[in-house]
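So the structure is just underneath, and the comments pick up after that.
The values are calculated or read from the model by the stated rules, or taken from the named source; none is laboratory data. Keep in mind that what you see is a predicted model, and the values were worked out from it rather than measured. Heads up, the Cβs are rebuilt from the backbone with ideal geometry, glycines too, and the neighbour counts pull from every protein chain shown. Please note that ligands, DNA and RNA were not included when accessible areas were found on the heavy atoms of the full protein model with its side chains. Shrake-Rupley method; radii C 1.70, N 1.55, O 1.52, S 1.80 Å.
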Amino acid sequence: MTTPLLARFIPEARELLQVSASGLLKLERNPTDETAINEVFRAVHTIKGSSGLFDALALTRLVHAAEDLLGEVRSDALQIDSALVDMLLDSLDQVGQWIDELERRAALPADADGVAHRMAALLRQRLGSQDGAVDDAPVHAALRGADPAPDGDVSALPPGLLARLPAPACLAAFRRACEGETVHLVRYAPEPGCFFSGTDPLQAIRQVPDALALDIAAAEPWAPLEDLDPYQCNLHLALLTAAPRPEIEQAMRYELDRITIAPIRPRDLVRIEGEASDGPIWDDFRGAASGFLAAGRLDDLRKAVSALRSVAGPTLWRRQALDWLEAALSAGQPDPALLAALVAAAGSGRLDPVPAGPAPVAPAPAPQATDPRQELARSVLASQHRALEHAGYDADRLASVGTVVGNVLLSLGRDADRAAIQAAFEAAREAHSVAPLLSALSAVLAGAPLLRAEAAPALSEAPAQAFAEAAVPAAGGKEPEGRIAAKSLKVDQAKIDLLMNLIGELVVSKNALPFLAKRAEETYASREMSREIKEQYAVIDRLAQEMQGAIMQVRMLPVSEIFDRFPRLVRDLARKLGKRIDLALEGEDTAADKTIIEALGDPLLHIVRNSLDHGIEAPEERRAAGKSATARILLKARQEADSVVIEVQDNGRGIDPARIRSAAITKGVIGQEEADRLSDQEAINLIYRPGFSTAPEVSDLSGRGVGMDVVLTTVEKLGGQVTVSSRLGEGTTTRLALPLSMAVTRIMIVEAAGSLYGVPMDMIVETVRVPRERIRMIKKAETFVLRETIIPLSRLSRLLHLPEQPRGEADAAVLVCHVNGRRAGLIIDNFREGMDVILKPLEGVLTGIGGYAGTTLLGDGRVLLVLDLRELL
Amino acid sequence: MAIRIVRKTIHLEGHCTVEEALPLLETLRRPGAHKVVLTKCEGLHTAILQVLAAARPAAITPPADPALAGLVMPFLETSGAAA
């Protein structure tokens, strides 16, 4: 059930996600870019708002957390850095996945609530680590106060809580836990003001399925009745349930940030009370039971237990211990350690803490980490230390590490350390080495007070902010202003295609009018009539062309549609490969037909990946070659006459023709002889041969030898061309030229062997009439010289295996064509007019016939075959 | 109305909503020993529950519905015992 509203939300949300992702990348390069942060914030805010209309609470929740974080960034309370951008991008990716899921099934996956909660908590943690004042800190503090175990995976039940739960409920929970089910403790601390938002905590927690016991307790001692505010919730609830975690999260999905869920060990549920008793019967039991247990005779143990239970008074402590023992024994596979503890309890009259058996894994928090922020800060600093150590010197990374460390120390109020670290940064930047910084960081981690004098050899301290700005290269690239204008009509593509086809038919029928005019003149001898028809034709022709132009405009998309995915891709790949790349986009507004734009995505991806993998050198290598460590990739689009040209430029190492030659020979793409004949440019073109690859190993990026081959075939299929130019050591430029639109093809009609054929105009270089005597034979091939170039000739009628009709004319009509990268002449009988046609591919039994690109209708109703010269020549 | 007051005895009947917490509190604030009868109560909002827990009336008759009684009575009894 996809509602129209949802159908509209999905593409909109995708668009907004794209906007936010590219905005975030901009922010990463230039953290003070206000336009970018506002753009991201607006987009995320809109997603949050619209998502509220649907049953997608998890999505809203996650986006909300991201929005809060961005709000802080916007108000300058938080500095953005790579780690933060990573987190936000991951969140957006998750949202993107959920959007896909919404589109497929109109619902989020079952685990969405939990995932959203965990991711949102991580985001909020960032918020907290920054200013130390987490929204719900009091709640967590209250929870911790009552129960020293860390939340998250509490595995021990606090004794106070256990004592309040009714014993039978505990026993029931114990029974289920022993049978292998996981019993969870849900602790719920409702927000004090929750009544005003319509939350009824009691009602909410009752929604959790499989509830075993509920405990309610006052969070604070009750105020005197006179001062009591009945609308402030002062209750904490705790629930034992046998429901699995996702079901709990689902039931409590509106209150996920107020609850903790933790599995409980069976041992912790045991709660025995009653009168003490003594007597030989217990000692006997103890001896017998221990024996049975040691021998593994559980059935005998069961009998002994039930026999004793039937005799002992139900109020006795030891009798109750037997109840628990019986419950533990009733499980399919009883836990021996637990049994032993219970047998001992029944025998001795008191319950000892379970020994090592089921592992009392109370994860003791590190003693010094009383403040959770300390712990977090420590882990953040440690990870930055690792990152630095791993990556080595790199100005940009250094800047982002500087921001993070500065923020962390600031939030902890450790100003002295912060100043020292900053000085160390300066030193590191001067020295182009991470060593001073690493030592300063380790010192902070070790908790030693830092002396600025050691870490910073005579360097003035600059605020981390200024330093970060200095290190980040001024973010290049202009941004088109008018991208916000999304006031558009969304129409199904099929409707546009239909309109397109109809206009195509109109164009074809319009072409019939000149024939009609000719008939009027020739057959009916009415010159007047013929002239009028021609006048009308001119009007219809103009209108048809305008309509065609208009519908083309509708189908036009800006290349930014494909360009927009590159900043993210390049960033991720660059991080993976350890290269520094500055991606610049130019001419994103250049528009081309939707089909072209969509088909261009993959080829461009291959080219950019190739540049990243093979073209761009590692930072050290670049520095050694005297280039800046940060490489540059430029994606540039522009319109040139009837085609759109897209260029991918990099300033990497360029293509080495010699290396290409040898690689081509080893891979068996060409032979030695052929390789020697090739010019450098021709050698470079070898990268388009199928099976060619210079990479010694196949990486997950490229090297399979299919990449550039795919580029060439895709682009040529679209009627475009690819050229590569490269200067060794300076970089490579790949140029794709594609027609603006594919719907209408311009052809020239030619005559051969008495029939008419069409030749696509974009293949024709020129038309010439060559006098017979200038056609020379070289061996068996006919050639002629055109402007000092030898052009091989072939006869169309021969190529099509048609009978030749000698015409005895003084000169031959030659169509000079550009085919497969070379020129060739085609001798035909006569040239006819040019025409715009809608090309229909050969269908049905004709599909397999080579040499033809398709068919089209002529104005007088005849079918015209359009030749595919690539296959013919 | 879910609250019905007969002298010092407060009857909570049907589903008691959050709006009734304040009238209930005001009644309980009056001096004297109050009795609360939940026998016909079918469900009560958390706000009502905490007013009952905070006010510690002299006596509470449990709801007839065993599920509801099992839910609220242990808490109300402990609160009363603490008084």
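General remarks:
- Debye-sum result for chain B in log10 I(q)/I(0), which assumes one identical scatterer on each alpha carbon, at q = 0.16 Å⁻¹: -0.51
- Across the range B:3-79, the mean sequence separation of Cα contacts (distance under 8 Å, 6 or more residues apart), normalised by length, yields a relative contact order of 30 percent.
- Size estimate for the range A:29-134 follows the Kirkwood approach: the inverse of mean 1/r over distinct Cα pairs works out to 14.1 Å.
- Computed over all pairs of different Cα atoms, the Kirkwood value for the hydrodynamic radius of the range A:507-551 is 10.9 Å.
- Think of a 1.4 Å ball rolled over the protein heavy atoms: the range A:243-289 then has 46 Å² of accessible area per residue.
- Solvent-accessible surface (1.4 angstrom probe) belonging to A:M777, in square angstrom, nearest 10: 120
- Most to least packed among A:302-311, A:760-769 [average Cβ atoms within 10 Å]: A:760-769, A:302-311
- What a 1.4 Å probe finds exposed on the range A:306-349 is 55% carbon and sulfur by accessible area, rounded to a whole percent.
- Partners of B:K35 within straight-line reach, counting lysines whose Cα lies under 20 Å from its Cα and excluding those fewer than 8 residues away in the same chain: B:K8.
- The calculated FRET efficiency for A:N501 paired with A:E809, based on their beta-carbon distance and R0 = 35 Å, is about 0.25.
- Per-residue mean of foreign Cβ neighbours for A:199-206 is 5 (Cβ atoms of other chains, 10 Å radius).
- A straight Cα-to-Cα reach below 16 Å connects A:K490 with the lysines A:K594, residues fewer than 8 places away in its own chain not being considered.
- Interface size, chains B and A: roughly 1900 Å² of accessible area buried, both sides included, 1.4 Å probe, rounded to the nearest 100.
- Each listed q (0.09, 0.17, 0.21, 0.23 Å⁻¹) maps to a log10 I(q)/I(0) for the range A:156-267 from the Debye sum over equal C-alpha point scatterers, namely -0.25, -0.81, -1.13, -1.29.
- Derived value for the range A:163-215: Kirkwood hydrodynamic radius 12.8 Å. Basis is the mean of 1/r over every pair of different alpha-carbon atoms.
- Accessible surface, the range B:3-79, averaged per residue in Å² (probe 1.4 Å): 44
- Straight-line cross-link reach from B:K40 at under 14 Å between alpha-carbon atoms covers these aspartates and glutamates, not counting any fewer than eight positions away in the same chain: B:E13, B:D65.
- Cα-based shape type of the range A:735-873, given that a ≥ b ≥ c are square roots of the gyration tensor eigenvalues and the cut on a/c is 1.5: prolate
- Cβ crowding within 10 Å averaged over residues, with A:79-89, A:226-236, A:22-32 ranked highest first: A:22-32, A:79-89, A:226-236
- Partner shielding of B:8-19 amounts to 1, given as the average count of beta-carbon atoms from other chains within 10 Å of each residue beta-carbon.
- Average other protein chain Cβ within 10 Å of Cβ, residues A:164-175: 1
- Percent carbon-and-sulfur accessible area, chain B, ignoring ligands, DNA and RNA, probe 1.4 Å: 58
- Backbone HN-Hα couplings from phi across the range A:496-513 [Karplus 6.51/-1.76/1.60, Hz, Gly and Pro as x]: 5, 4, 4, 4, 4, 5, 4, 5, x, 4, 4, 4, 5, 5, 4, 5, 6, 4
- Carbon/sulfur fraction of accessible area - the range A:592-655, other protein chains in place, 1.4 Å, %: 46
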